[in-house]
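None of the figures in this text is laboratory data; all of them are computed from the coordinates on show. Everything numeric in this text was worked out from a predicted model, so none of it was measured. Note that we place each Cβ from the backbone using ideal geometry, even for glycine, and neighbour counts take in every protein chain shown.
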């Protein structure tokens, strides 16, 4: 497991991108109508925070199997967030233009996590 590890989870590019994604998602969630504060907006915030949180938690685990499990959950959260953003667009709460960067980050993070998971599987 040490071949690909860095000194700290905060040094991981995927964690940094996850943090950027969470900030972006929080800003998007503020564009939703007030009545969505405890529904869709809350889900967007929670799934976005779950991405870097699961990366960090997995990094702190003692085995590659545990690390992979948490990375897989982070990837799932990126798909969940993408779905919630797409729903927000479909409902007319946010524009495609406003969501473009966040959707691109969701895809990028999912690809990065997939590559890391493949490397873990190959070891």
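So which residues in region 72-81 are touching a residue at least 12 places away in the same chain (Cβ under 8 Å) and either more than 10 Å from the chain's Cα centre (by Cα) or surrounded by fewer than 20 Cβ atoms within 10 Å (Cβ to Cβ) (or both)?
So the first thing to find is which residues in region 72-81 are touching a residue at least 12 places away in the same chain (Cβ under 8 Å), and the list is 72-75, 77-81.
Of everything in region 72-81, those that are touching a residue at least 12 places away in the same chain (Cβ under 8 Å) and either more than 10 Å from the chain's Cα centre (by Cα) or surrounded by fewer than 20 Cβ atoms within 10 Å (Cβ to Cβ) (or both) turn out to be 72, 73, 79, 80.
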(message) I'm trying to understand the selection: among the residues of region 27-45, which are closer than 16 Å to residue 78 by Cα and either buried (at least 17 other Cβ atoms within 10 Å of the Cβ) or in contact with a helix residue (DSSP H, G or I) (Cβ under 6 Å, 6 or more places away or on another chain) (or both)?
(response) 28, 29, 40, 41, 43, 44, 45
(request) Just one of (1) surrounded by fewer than 17 Cβ atoms within 10 Å (Cβ to Cβ); (2) in a loop (DSSP other than H, G, I, E, B) trips up residue 119, so point out which. (result) (2)
(message) It is to be established whether one or more residues within region 97-112 are buried (at least 18 other Cβ atoms within 10 Å of the Cβ) and either in contact with a strand residue (DSSP E or B) (Cβ under 7 Å, 6 or more places away or on another chain) or in a loop (DSSP other than H, G, I, E, B) (or both).
(response) no
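Taking the conditions exactly as written (in a helix (DSSP H, G or I), in contact with a helix residue (DSSP H, G or I) (Cβ under 9 Å, 6 or more places away or on another chain) and over 23 Å from residue 111 (Cβ atoms)), does residue 66 satisfy them or not?
Numbers: in a helix (DSSP H, G or I): yes; in contact with a helix residue (DSSP H, G or I) (Cβ under 9 Å, 6 or more places away or on another chain): yes; over 23 Å from residue 111 (Cβ atoms): no.
Taking the combined requirement at face value, the residue does not satisfy it.
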